[in-house]
1. Counting just the residues of region 77-101 that are touching a residue at least 40 places away in the same chain (Cβ under 8 Å) and under 18 Å from GLU35 (Cβ atoms), which one comes out surrounded by the fewest Cβ atoms within 10 Å (Cβ to Cβ)?
2. Restricting to region 127-166, and then to whatever is in contact with a strand residue (DSSP E or B) (Cβ under 9 Å, 6 or more places away or on another chain) and part of a helix (DSSP H, G or I), can you tell me which residue is surrounded by the fewest Cβ atoms within 10 Å (Cβ to Cβ)?
3. Picking from GLY111, GLY115, GLY98, GLY82, which residue would you name as being in a loop (DSSP other than H, G, I, E, B) and either under 18 Å from TYR49 (Cβ atoms) or not basic (Lys, Arg) (or both)?
4. Return the total of residues in region 39-76 being of a type in the set (Gly, Ala, Ser) and touching a residue at least 24 places away in the same chain (Cβ under 8 Å).
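Just so you know, all these numbers are worked out from the coordinates, no wet-lab data involved. Computed from a predicted structure; not experimentally measured. No Cβ is skipped: glycine too gets one built from the backbone with ideal geometry, and neighbour counts run over all protein chains shown.
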Amino acid sequence: MMKTAVAIFDREGPPVFFPYNRNNSMIKLRSAIQEDAPDIVKLLEELGYKSDFEIIRNRLSAIEKRNGVVIVAVNEKGEVSGCVHAFTDLRLAAGETGEIASLVVKSEARGKGVGKKLVKEAMNRLAGMGCKKIRVRANGLREKAHQFYLGQGFREIKSQKVFMADI
């Protein structure tokens with residue numbers, strides 16, 4: 001019987017394998033590529049964010065130029081079943097902090113450890129960039145997300161309102 005695992009492929013070094021689920025599925029974590037844009041658009045739509053593949057392709061390029069990374073979980077069929085954006089943020093008062101954003105897992109893949117593995121890989125990459133702390137923000141209405149992050153070792157430090165203006 002074949003053991004199931006998640007394979008994390010980084011640009012350097014051999015892959016690392018992790019248990020995934022009980023139905024002999026394999027999932028691979030890797031940096032997003034331009035060809036992932038249509039799948040990422042579909043994932044973001046599950047959270048209510050409308051976009052198109054050309055915008056996402058442009059954002060993937062811009063994120064890479066700013067030393068951020070989008071990590072994707074790819075199933076055996078080559079379909080993206082989850083993604084997370086990891087980047088560093090430098091603020092005058094708080095200093096440099098790693099941040100995780102846009103974590104989304106396909107509805108049918110939720111509860112199978114994909115999100116946990118994406119967060120762990122994002123944290124590893126941010127630690128490799130020298131980050132000592134990692135922040136994540138979650139919409140106040142997404143209570144399942146809050147519980148998920150608490151279960152991953154994050155702690156709630158504050159609530160705030162976010163304001164935006166067009167310029």
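1. So the residue we want is GLU79.
2. Applying the filter and picking the extreme gives ALA127.
3. Result of the check over GLY111, GLY115, GLY98, GLY82: GLY111.
4. Looking only at that region, the number is 2.
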